[in-house]
Amino acid sequence: MGKLDQKVAIVTGASRGIGAAVARRLAAEGASVIVNYVNNADAAAAVVGAIQGAGGTALAVRADVADESQVQALFAAALERYGRLDVLVNNAAAFGSGPLEQVDRALFQRLVDVNIWGLVVGCRLAGRHMTPGGRIINFSSIGVHKGFAGGGLYAATKAAVESLTRTAATELAPRDITVNALIVGQVATDMGAEVPPKMRQQIASQTLLRKIGRPEDVGGVVAFLASDDAQWVTGQTLGVNGGYLMR
């Protein structure tokens, strides 16, 4: 018996990295998982195949979270296939780096559309369709709390995630839906590889555990927050970063 038996979860941006690890972990705990992707259908299919090969249930659905109509279709697919929704993991994110003096409008708009608007739409639809006792888990970043040169725009969008998490937790509490965010540190993923090597090494050396995290490390914490064990936890931002923010 898994902690999430009979539950249905949507994980956005789940074709690779942290999202894929989260999808696999939720499925291992018994949830039926919607594996969302936007570009890489083959990678999403591989995640679904891995889940099914391990005896789990999953479905890949394409949707760009920056497009409200596509997110509506994503939720509709989950409800049509499984008849309910219990967990939403807002993992999909756009990343861009560079000095503020070089930031252009196109990059700004893309980060805002995906990282902020995509989360707003997801939370709004979850509030409408999620069963009482549902769980929403969002993703912030250590960049919100540390001023990394070149990472200001991305960090600004993740600061909005933390604020919106608290607001959504307040507004959805009457429906017994919890909303929490994870302050994720440097993790060994394709997106994490876009961070300059020198900065990655610096972050690893400054964590209490002296290492970069694995996607599976994040997946385990998401599984906890999605379970009944976390029913008394809401409106919180939890550090999953090897103790980086304690130094």
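Couple of notes before you dig in:
- Most mobile of 220, 235, 53 in a GNM of the chain (Cα contacts under 10 Å): 53
- Heavy atoms of the protein chains alone define the surface here; on that basis segment 1-157 has 42 Å² accessible area per residue at 1.4 Å probe size.
- Rounded tilt (10° steps) of 197-206 against the dominant C-alpha axis of the chain: 80 degrees
- Compared with the dominant principal axis of the Cα atoms in the chain, helix 215-226 is inclined by about 50°.
- Rounded, prolate or oblate (a/c below 1.5 giving rounded, otherwise prolate when a/b exceeds b/c) for segment 115-247 by Cα gyration tensor: prolate
- Segments 66-77, 30-41 sorted - mean Cβ within 10 Å per residue, highest first: 30-41, 66-77
- Nearest-ten-degree value, helix 118-129 long axis tilted from longest Cα axis of the chain: 20 degrees
- With all protein chains modelled, accessible area of residue 129 [1.4 Å, Å²]: 80 Å²
- Cα-Cα over 30 Å, subset of 7/158; 158/198; 3/198: 3/198
- A Förster radius of 41 Å, combined with the Cβ-Cβ distance separating residue 1 from residue 208, puts the computed FRET efficiency at roughly 0.75.
- Mean separation of Cα contacts under 8 Å (6+ apart) over length of the chain, as relative contact order %: 20 percent
- Taking label points 7 Å from Cα along the Cα-to-Cβ direction, residue 173 and residue 233 give a separation of 1.8 nm.
- Segment 38-159, relative contact order in percent, only Cα pairs under 8 angstrom and at least six apart counted: 28 percent
- The residues 229, 86, sorted by heavy-atom accessible surface at 1.4 Å with ligands and nucleic acids left out, run 229, 86 from largest to smallest.
- By average C-beta atoms within 10 angstrom, highest first, the peptides 222-228, 89-95, 200-206: 89-95, 222-228, 200-206
- Solvent exposure ordering (accessible area, 1.4 Å, most first) of 29, 162: 29, 162
- Each helix, a run of at least 4 DSSP H residues, gives -39500 (n - 2.57); summed and divided by the residues of the chain, these come to -13000 deg cm²/dmol at 222 nm.
The values are calculated or read from the model by the stated rules, or taken from the named source; none is laboratory data. Worth saying up front: this structure is predicted, and the values here are computed from it rather than measured. All Cβ positions, glycine included, derive from the backbone under ideal geometry; neighbour counts span all protein chains shown. To get the accessible areas, we keep the full protein, side chains included, count just its heavy atoms, and leave off ligands, DNA and RNA. Shrake-Rupley method; radii C 1.70, N 1.55, O 1.52, S 1.80 Å.
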